[in-house]
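Participant: One structure follows; several queries about it will come next.
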Amino acid sequence: MFDTVVIATDGSGSAERAVEAALDLAARFDATVHGLYVVDTGEVETTPEEVREALERALATTGGRALSFILEAADAEADEELVTAVREGNPADEICKYAVEHDADVIVSGTRGRHGEHGYLLGSVAEELVREAPMPVLTVRQLEGEPNPEREDV
């Protein structure tokens, strides 16, 4: 049923749970796994010039860690074929394009599960994916009280 699974990751706690779910799904169907990190160029472009270079480095580091997590988790499974990639642009658009280019059967993405008006006003990559992707999207929510790696240093 699933030959190609794309994991869209941003390195967050919810993305780590999504990695686990995606690898389990891929193992059940002997599917190829694609780990994808997208550098949000809109975020970079709207950052003040004096901190833009530091933000770009931080995003590259985050992307490297996120993809390393997928590689390490997949190594534990050892049955899946794994491909990793980094793209730049609008995250939802780039994830959809990548999934179409690689004939993905499903996109797996984490979500922080925000509710209320702020979740809708601010939007989210997961929400855009669910609305726009031409294939099924499995969203995996970060559990309440679960550690959030991107907030550990704050």
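Readers should treat all values here as calculations from the given coordinates under stated rules, not as data from a laboratory. Here the structure is a predicted model, which is why all the values come from computation and not from measurement. Here the Cβ is made from the backbone with ideal geometry for all residues, glycine too, and neighbour counts use every protein chain on show.
Participant: Hey, if you put +1 on the Cβ of every Lys and Arg and -1 on every Asp and Glu Cβ in the stretch 1-60, which of A22, A58, V38 ends up farthest toward the positive end of that dipole?
Facilitator: Of the listed residues, the answer is A22.
Participant: Okay, next question. Return the sequence-ordered ³J(HN,Hα) values of the stretch 15-24 in whole Hz as given by the Karplus equation 6.51 cos²θ - 1.76 cosθ + 1.60 applied to θ = phi - 60°, using x for Gly and Pro.
Facilitator: Once θ is set to phi - 60°, the couplings for the stretch 15-24 become 5, 5, 5, 5, 4, 4, 5, 5, 5, 5 Hz.
Participant: Another one. Sorted by mean Cβ packing within 10 Å, highest first, what order do the peptides 88-100, 6-18, 126-138 take?
Facilitator: By packing density, highest mean first, the sequence is 6-18, 88-100, 126-138.
Participant: Pull up all non-local amide H partners of T111: gap of 5 or more, or a different chain, and H-to-H distance under 5 Å with H placed in the peptide plane.
Facilitator: V140, R141, Q142
Participant: Between R141 and E88, 0.36 nm times their residue separation minus their Cα-Cα distance comes to what?
Facilitator: Gain on stretching R141 to E88: 16.7 nm.
Participant: If you place +1 on the Cβ of every Lys and Arg, -1 on the Cβ of every Asp and Glu, and leave all else neutral, what size is the dipole of the stretch 21-86 about its Cα centre, to the nearest 20 Debye?
Facilitator: 60 debye
Participant: So, one more: Taking H placed 1.01 Å from N in the peptide plane, check which residues at least 5 places from V106 or on another chain put their amide H under 5 Å from its amide H.
Facilitator: T4, V6
Participant: Find how much the distance from D24 to S68 grows on full extension, using 0.36 nm per residue of separation minus their present alpha carbon separation; answer in nm with one decimal.
Facilitator: In short, 14.1 nm is gained.
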